[in-house]
1. With n ≥ 4 as the cut-off for DSSP H runs, can you work out [θ] at 222 nm for the chain, using -39500 (n - 2.57) per run divided by the number of residues, rounded to the nearest 500?
2. Can you tell me the FRET efficiency between Ile85 and Trp128 if r is taken as the Cβ-Cβ distance and R0 is 35 Å, rounded to the nearest 0.05?
3. Keeping every protein chain present and rolling a 1.4 Å probe, give me the accessible area per residue for the chain in Å².
4. Would you work out if segment 76-161 is rounded, prolate or oblate? Take a ≥ b ≥ c from the square roots of the eigenvalues of the alpha-carbon gyration tensor; rounded if a/c is under 1.5, else prolate when a/b is larger than b/c, oblate otherwise.
5. Got a number for the accessible area of Thr77? Probe 1.4 Å, square angstrom, nearest 10.
6. Which order do the peptides 140-148, 6-14, 103-111 take when ranked by the mean count of other beta-carbon atoms within 10 Å per residue, highest first?
7. What FRET efficiency comes out for Ala136 versus Gln17 if R0 is 25 angstrom and r is the Cβ-Cβ distance? Round to the nearest 0.05.
8. Carbon and sulfur: what percent of segment 32-171's accessible surface (1.4 Å probe)?
Amino acid sequence: MRQMIYKRFERFWHWSQSLLMLAMLITGFEIHGTFSWLGFEQALQWHEVGAVALIILWVFAIFWHFTTGEWKQYIPTTEQLVAVIRYYSKDIFFGKPHPYKATPDRKHNPLQRFSYLGFKLLLAPVIWLTGLMLLAYPFGLQVLSLPTLSALHLLSAFLILIFFIVHVYMTTTGATPLSHMKTMITGYEEQQDQAGEEIAQPAKKTV
């Protein structure tokens, strides 16, 4: 069965955010001196441009989530959490079907909900606040020392890089290595039964 899961704006927002975050990680690590490519001044300029673009995108995304009710997709739940953890830690290696079936009303499995919510409530605020304070530092807004701000900003960047790598890896664990990525491009997901087994249906209530 073919079903639309991700709407057009969700796909635009997802891929635009991914590209901007990747660009900011690359320029950010060059600013820190991890490698040399664009040069410090140009890397800093592109890092700031990317930050402004990402802030604008997030404002639109937050507005869209609240006006469409899609923010409910991130409410954490323990329903099927154990089954999903068991799937990724064991069942996936034996070719068993995923215990969670995504629907337009329940797009994220419980593990995704916890990880995405953690990203939005912990990692994102830290990197944005420290980044904005670094920008304001030369203008006299010096809440924390420069080394402390730099360390917190760099630490949050490394954690986001880890989140990014894990996220990309998880996209390869679908029915085929590219099936999840195809879903995020087209919006449609192919629901498949395996070996005549019925995929568990989630309850309609979120929490």
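The values are calculated or read from the model by the stated rules, or taken from the named source; none is laboratory data. All values derive from a computational prediction rather than experimental measurement. Because the Cβ atoms are built from the backbone with ideal geometry, glycine has one as well, and the counts that use them run over all protein chains shown. What goes into the accessible areas is simple: the full protein's heavy atoms, side chains included, and nothing from ligands, DNA or RNA. Shrake-Rupley method; radii C 1.70, N 1.55, O 1.52, S 1.80 Å.
1. On the way: 7 runs with 118 residues, N = 207.
-19000 deg cm²/dmol, from helical runs alone.
2. Working: r = 30 Å, r/R0 = 0.86.
After rounding to 0.05, the efficiency reads 0.70.
3. Working: 12820 Å² over 207 residues.
Heavy-atom accessible area per residue stands at 62 Å².
4. Details: a/c = 4.58, a/b = 2.86, b/c = 1.60.
The shape class here is prolate.
5. 10
6. Details: 140-148: 10.8, 6-14: 15.4, 103-111: 17.7.
Per-residue Cβ counts within 10 Å, averaged per peptide and sorted highest first, yield 103-111, 6-14, 140-148.
7. On the way: r = 24 Å, r/R0 = 0.95.
With a Förster radius of 25 Å, E is 0.55.
8. Details: 6380 of 8510 Å².
Summing carbon and sulfur atoms, their accessible area is 75 percent of the total for segment 32-171.
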